[in-house]
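Notes to accompany the following structure.
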Amino acid sequence: MAYIVRKLDREEIGQVYQAYMKKDFPPDELKPLSHIVRSMDAGYGFSLGMYEGETLAGYAVFILCEETRCALLDYFAILKDRRGGGLGHRAFSLFETYFMENLPEVDGIYIESERISAAKNEEQRLTRERRIAFYLSCGCEMTALRSVLFGVDYSVLYRPVGERGQEASLTALDTLYQKMFKPAHYALFVSLSMMRESG
């Protein structure tokens with residue numbers, strides 16, 4: 001099957017948010033729609049839809065930081081009835097092509113995934129292991145970066161775009177976070193550090 005990726009406008013991301021994002025993400029992990037739209041209006045947030053013909057199959061929300069040539073994958077999901085068939089892996093390849101063709105200034109994409117060692121129980125641990133294993137299988141690399149955002153402890157992965165070769169950087173991700181969050185929220189609720197070992 002042929003899939004394409006295209007940028008979503010304000011109305012389309014609003015429809016995706018109401019129909020899918022509210023179901024795909026826990027309430028405490030989901031930003032208000034107004035926050036996503038505001039980042040789009042400010043020029044550093046954008047969303048992509050993965051389509052088979054005119055039918056949506058998956059979506060992703062990104063934050064762009066041109067100053068440090070990187071982006072953050074803020075939200076990503078394949079629609080529930082499409083999961084299990086390898087579309088997640090195909091989506092990453094399509095996203096990379098989109099970046100190379102439309103955002104050549106981006107060298108890599110950061111991905112936050114809840115830290116395995118911070119899991120509260122076995123079920124959480126297994127879920128986090130599966131999620132990170134998926135990202136690794138999509139060409140992402142585990143970094144030594146650790147971020148704690150609003151009390152949630154994340155490992156940080158990095159997906160190079162094309163052959164540009166820029167490595168993950170604490171400074172680059174910190175600059176991106178400062179763009180994402182209001183200064184007061186950044187000061188109180190954002191912590192970024194390097195661990196001795198990646199993961």
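Only the coordinates and a few stated rules stand behind these numbers; no lab work does. Worth saying up front: this structure is predicted, and the values here are computed from it rather than measured. Cβ sites come from the backbone with ideal geometry, for glycine too, and all protein chains shown count toward neighbours.
Measure out, as a whole number of angstrom, how far apart the alpha-carbon centroids of region 127-160 and region 71-95 sit.
Answer, in whole Å: 15.
Within the set Lys7/Lys31; Lys31/Lys179; Lys22/Lys182; Lys80/Lys182; Lys22/Lys120, which residue pairs have Cα atoms separated by over 22 Å?
Violating the 22 Å limit, Cα to Cα: Lys22/Lys182; Lys80/Lys182; Lys22/Lys120.
Do the sum for the chain: with -39,500 (n - 2.57) for every DSSP H run of n ≥ 4, divided by all residues, what is the mean residue ellipticity at 222 nm, to the nearest 500 deg cm²/dmol?
Mean residue ellipticity, 222 nm, calculated: -10000 deg cm²/dmol.
What is the chain's relative contact order, in percent, from Cα pairs under 8 angstrom and six or more apart in sequence?
The value is 18 percent.
Who wins for biggest fluctuation among Leu126, Leu176, Leu56 in a Gaussian network model of the chain, springs between alpha carbons below 10 Å?
Between Leu126, Leu176, Leu56, it is Leu126 that shows the largest mean-square fluctuation.
Based on a Kirkwood Rh over C-alpha pairs, give the Stokes-Einstein translational diffusion coefficient of the chain at 20 °C and viscosity 1.002 mPa s in µm²/s.
Approximately 124 µm²/s, per Stokes-Einstein.
Could you pull out the trypsin sites (Lys or Arg not before Pro) across region 1-83 that fall in loop regions by DSSP (anything but H, G, I, E, B) with no more than 14 other Cβ atoms inside 10 Å?
Qualifying residues, ordered by number: Arg83.
With θ taken as phi - 60° and the coefficients 6.51, -1.76 and 1.60, list the Karplus ³J(HN,Hα) couplings across region 133-148 in order, rounded to whole Hz; mark glycine and proline as x.
4, 4, 4, 4, 6, 9, x, 7, 10, 6, 10, 8, 7, 10, 10, 10
So which chymotrypsin sites (Phe, Trp or Tyr not before Pro) in region 130-199 pass both tests, a DSSP loop state and at most 13 other Cβ atoms within 10 Å of the Cβ?
Those satisfying the criteria are Phe150.
Of Ala187, Ala172, Ala57, which has the largest mean-square fluctuation in a 10 Å C-alpha GNM of the chain?
Comparing Ala187, Ala172, Ala57 in a Gaussian network model of the chain, the most mobile one is Ala187.
Would you mind calculating the gained length between Glu11 and Val148 on full extension (0.36 nm times residue separation, minus the Cα-Cα distance), in nm to one decimal?
Extra length from Glu11 to Val148 when fully extended: 46.2 nm.
For the pair Lys22 and Met100, what calculated FRET efficiency results from E = 1/(1 + (r/R0)^6), where r is the Cβ-Cβ distance and R0 = 25 Å, to the nearest 0.05?
Here the calculated transfer efficiency is 0.20.
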